[in-house]
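Quick notes on the structure that follows.
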Amino acid sequence: MKKRAFTHQELDRIQTMIVGKKRKSYLRDLALFRLQVDTALRAGDLLKLKVQDVWHEGQVKKKFYVKQNKTGQSLQVSLSEKTREVLLDYIKQENCQDLMDMYLGYARRYGYHTSMTVRHWSNIIKFYAQLVGIDCKEVSTHSLRKTIPTLMIKNGATIQHCKLILGHQNIANTASYLDISEMEALQVKNKIKF
């Protein structure tokens, strides 16, 4: 089954659930969740991020580069103010401002210098999705990657904008990411008057 993007409302419900559950790792979960949605990174690239990638002179960077594992290409990503605030809270909670080589998504069992696995991150996402009533068979960590480009298109961006955000080489790959229904396409088409 093809995994779909999250809706804006689902993102809000999941974030509320993450905060409301107050699990020991809730701030890490929220930071990684927001970071993946905001950057549209693949889960493997997200989990390789370290404090040094996002932290500079006592604050969270607005933009930084990520070398994509799949393509080997560098991709510039930017963070929303809210994501930066959550990352700041997380980094301060973990007291890791000076642990520049700590993985942001570290494996608690093995310590700061070991990243959690993509499977573990996927299980976390499915856990929260299920708690808010989303069928976890419909979504995955890749759904987080697909969400921003889908929302961008629905808000007037072009497929070329989405291609740049995702770091794709081929526009056909980008098109396959976009969760646009036939009805939505027809609504846009019907707005055109000639």
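The values are calculated or read from the model by the stated rules, or taken from the named source; none is laboratory data. No experiment lies behind these values; they were computed from the predicted model shown. Cβ atoms come from the backbone with ideal geometry, glycine included; neighbour counts cover every protein chain shown. The protein model used for the area step is the full one, side chains on, heavy atoms only, and it has no ligands, DNA or RNA in it. Shrake-Rupley method; radii C 1.70, N 1.55, O 1.52, S 1.80 Å.
General remarks:
- Accessible surface, 1.4 Å probe, highest first, among residues V118, V77: V118, V77
- Residues with amide H under 5 Å from that of Y106, placed H, sequence gap 5 or more: M116
- Evaluating 6.51 cos²θ - 1.76 cosθ + 1.60 at θ = phi - 60° for every residue in the range 68-77, the Karplus couplings come out as 6, 5, 5, 9, x, 8, 7, 10, 7, 10 Hz, glycine and proline recorded as x.
- Point-charge dipole on Cβ atoms (K/R +1, D/E -1) for the chain, about Cα centre, debye to 20: 360 debye
- Pairs of alpha carbons in the chain whose separation is greater than 23 Å (percent): 44 percent
- Seen against the Cα atoms of the chain and their longest principal axis, helix 8-21 is set at about 20 degrees.
- Each listed q (0.14, 0.21 Å⁻¹) maps to a log10 I(q)/I(0) for the range 123-183, found by the Debye formula over equal Cα scatterers with no solvent: -0.45, -0.83.
- Note that the chain presents 56 Å² accessible area per residue, ligands and nucleic acids not counted, probe 1.4 Å.
- Given their separation in residues at 0.36 nm each and the Cα-Cα distance between them, K62 and M1 gain 18.4 nm when the chain is fully extended.
- Relative contact order for the range 1-70, counting Cα pairs under 8 Å that sit 6 or more residues apart, in percent: 18 percent
- For the range 1-131, averaging the sequence separation of C-alpha pairs within contact (under 8 Å, six or more residues apart) and dividing by the residue count gives a relative contact order of 27 percent.
- In order along the range 116-133, the Karplus-derived 3J(HN,Hα) couplings, from 6.51 cos²θ - 1.76 cosθ + 1.60 at θ = phi - 60°, round to 5, 7, 4, 4, 5, 4, 4, 4, 5, 4, 5, 4, 5, 4, 5, 4, 9, x Hz, and Gly and Pro are given as x.
- Global form of the range 46-159, assessed from the alpha-carbon gyration tensor, a/c cut-off 1.5: oblate
- Overall form of the range 1-113 per C-alpha gyration tensor (a/c, 1.5; a/b vs b/c): rounded
- Mean sequence separation of contacting Cα pairs (under 8 Å, at least six apart), scaled by the length of the range 46-194, corresponds to a relative contact order of 17 percent.
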